[in-house]
Amino acid sequence: MPGARVGVLALQGSARLHVAAFAELGATPVEVRTPADLAGVDALVVPGGESTTLSLLLGSSGLRPALEDRVAGGLPVLGTCAGMIMCAGEVLGGRPDQRSVGALDITVRRNAFGRQRESFEADLDIDELAGGPFAAVFIRAPVVARAGPEVEVLARLPEGPVLCRSGGVVVAAFHPELGGDLRLHQSFLERI
Ligand code: GLN
């Protein structure tokens, strides 16, 4: 949907580059901070940042029930890094009071790549993206430890899946907004 209103959750973390990416692709990006902002969007990006903080802010902003409702109604969501953690059904290594939204049936492990690999880049083969490998930036990234039967794995590293989709929900363990390659944003937009 070319003119789609794509919300970018802007409570914390790296919202700005997602906004710029969707603007460049001809969509209408909308920063989402309140339930009223969320009500008007056709899709939502949950960006990277810190999932424990995002979880707290979803509560204090009043967004959590509104977001859970929209997700249950089939809202397309792109969750990246901490956003992938927020979309998961189950989180390993989370804080006890950390709560995800359960937008797709995956279990994620936080900070899965160990100290030496806190931050790294990897060329991912993503079958459905034409034009060669995707240079993916991982920053204290999670990995998918279990993917349910409905979940398509679109890319993986030796540690496990790092890009998955279930219906309209796409989750990436990396930061596709860094590095200037907009193919993942584009394919998300095309499916809205
Ligand atoms: N390690 C962070 C978390 O657990 C995610 C890091 C990121 O979003 N780059 O929330």
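The values are calculated or read from the model by the stated rules, or taken from the named source; none is laboratory data. All values derive from a computational prediction rather than experimental measurement. Positions of Cβ are backbone-derived with ideal geometry, glycine not excepted, and every protein chain shown enters the neighbour counts. Please note that ligands, DNA and RNA were not included when accessible areas were found on the heavy atoms of the full protein model with its side chains. Shrake-Rupley method; radii C 1.70, N 1.55, O 1.52, S 1.80 Å.
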Given the conditions (1) over 12 Å from the mean Cα position of the chain (by Cα); (2) modelled with pLDDT of 95 or more; (3) assigned to a loop (DSSP other than H, G, I, E, B); (4) within 16 Å of the ligand (Cβ to nearest atom), every one holds for residue 106 apart from (3)
Go through (1) under 21 Å from residue 168 (Cα atoms); (2) in a loop (DSSP other than H, G, I, E, B) one by one and return the number of the condition residue 95 breaks.
(1)
Single residue of 49, 79, 26 found to be of a type outside the set (A, V, I, L, M), open to solvent by 30 Å² or more (accessible area, probe 1.4 Å) and in contact with a helix residue (DSSP H, G or I) (Cβ under 6 Å, 6 or more places away or on another chain)
49
Scan segment 66-76 for residues that are more than 14 Å from residue 168 (Cβ to Cβ) and free of Cβ contacts under 8 Å to residues at least 24 places away in the same chain and jot them down.
69
Return yes when residue 63 is within 16 Å of the chain's Cα centre (by Cα) and open to solvent by less than 20 Å² (accessible area, probe 1.4 Å) and no when it is not.
no
Could you tell me whether any residue of segment 5-15 is more than 16 Å from the ligand (Cβ to nearest atom), farther than 23 Å from residue 179 by Cα and in contact (Cβ under 8 Å) with a residue 12 or more places away in the chain?
yes
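Conditions tested, residue by residue: (1) polar (S, T, N, Q); (2) in contact with a Ser or Thr (Cβ under 9 Å, 6 or more places away or on another chain); (3) within 18 Å of residue 184 (Cβ to Cβ).
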{"residue": "103", "(1), (2), (3)": "no, yes, yes"}
{"residue": "110", "(1), (2), (3)": "no, yes, no"}
{"residue": "114", "(1), (2), (3)": "no, no, no"}
{"residue": "125", "(1), (2), (3)": "no, no, yes"}
{"residue": "136", "(1), (2), (3)": "no, no, yes"}
{"residue": "141", "(1), (2), (3)": "no, yes, yes"}
{"residue": "146", "(1), (2), (3)": "no, yes, no"}
For residues that are away from the ligand (no atom under 13 Å from the Cβ) and of a type in the set (S, T, N, Q), scanning just segment 112-169, find the one that is modelled with the highest pLDDT.
166
